[in-house]
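Some notes on the structure that comes next.
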Amino acid sequence: MQAAHGRGPAVATGIKRVHPDSVVFTYQGDGDLASIGMAEIVHAASRGENFTVIFINNAVFGMTQGQMAPTTLIGQKTTTSPRGRTAAEAGWPIRICELLDTLEGPAYIAREALTTPPRIRSAKKSIRRAFEAQLAGEGFGIVELLSTCPTWWGMDPLEAIRHIDDTMVEHYPLRVFRDRPAAHDRPAGQQEEAGSDA
């Protein structure tokens, strides 16, 4: 089902609640999820909705001419930041996984990069684990994937891969932030540990 831009988590919530046995996921870019859809992703995660989010972070609005996104790095040039993003004008890049890791609802949060065969295998494991969390009824899972956008980065494909490894990973570190059942599924007395790393 296609949702309005940014509204995937709201639509996924409705589908999963009406059809709880269905496997439900959203596939969202950074302009979608971290910009117009910020409220939807934060509240779905906070509620621990039992679906999976695949979040593609290429640091630009890649499908609409390469404008600056909430994830665009400081100094990065885009069609709407031709001199490079500055914190004074546009704020700092938003780290979605770190933001959602402050909430009690999510069961699985991970960030991976699609640059080398070992990293792609690691991403595959994280995606599988996020779906396993859903199938087990553990709650909300999100996997952020650092991905290239050679066209709007003005790079060839190999340069774009190196850009992720040399630049993006420094601001968006790769790791599993959380791997546990959502707060409402844990016994009383354990919920105060919700923000800690698993």
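The values are calculated or read from the model by the stated rules, or taken from the named source; none is laboratory data. A quick note: this is a predicted structure, and the numbers were derived from the prediction, not measured. Backbone-built Cβ (ideal geometry, glycine too); neighbour counts: all protein chains shown.
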| remark: Selection from the stretch 32-75 of residues among the β-branched types (Val, Ile, Thr) and not in a helix (DSSP H, G or I) yields 52, 53, 54, 56, 60, 64, 71, 72, 74
| task | Scan the stretch 84-115 residue by residue and report those that are closer than 23 Å to residue 162 by Cβ and without any contact (Cβ under 8 Å) to a residue 12 or more places away in the chain. | result | 84
| task | Kindly list the number of the only condition in (1) touching a strand residue (DSSP E or B) at 6+ places or on another chain (Cβ under 9 Å); (2) more than 17 Å from residue 109 (Cβ to Cβ) that fails for residue 15. | result | (1)
| task | Restricting attention to the stretch 53-63, report how many residues are buried (at least 24 other Cβ atoms within 10 Å of the Cβ) and either farther than 20 Å from residue 95 by Cβ or among the β-branched types (Val, Ile, Thr) (or both). | result | 2
| message | Quick check on the stretch 7-25. Is at least one of its residues without any contact (Cβ under 8 Å) to a residue 60 or more places away in the chain and within 11 Å of the chain's Cα centre (by Cα)? | response | no
| query | So is residue 28 assigned to a strand (DSSP E or B), in contact with a strand residue (DSSP E or B) (Cβ under 8 Å, 6 or more places away or on another chain), among the polar types (S, T, N, Q) and surrounded by 18 or more Cβ atoms within 10 Å (Cβ to Cβ) or not? | reply | yes
| message | Which numbered condition in (1) over 27 Å from residue 136 (Cβ atoms); (2) touching a strand residue (DSSP E or B) at 6+ places or on another chain (Cβ under 6 Å) is the only one that residue 91 fails? | response | (2)
| note | A careful count of residues in the stretch 51-84 that are within 14 Å of the chain's Cα centre (by Cα) and at pLDDT below 80 gives 0
| For residue 3: the one exception among (1) in a loop (DSSP other than H, G, I, E, B); (2) without any contact (Cβ under 8 Å) to a residue 40 or more places away in the chain; (3) touching a Lys or Arg at 6+ places or on another chain (Cβ under 9 Å) | (3)
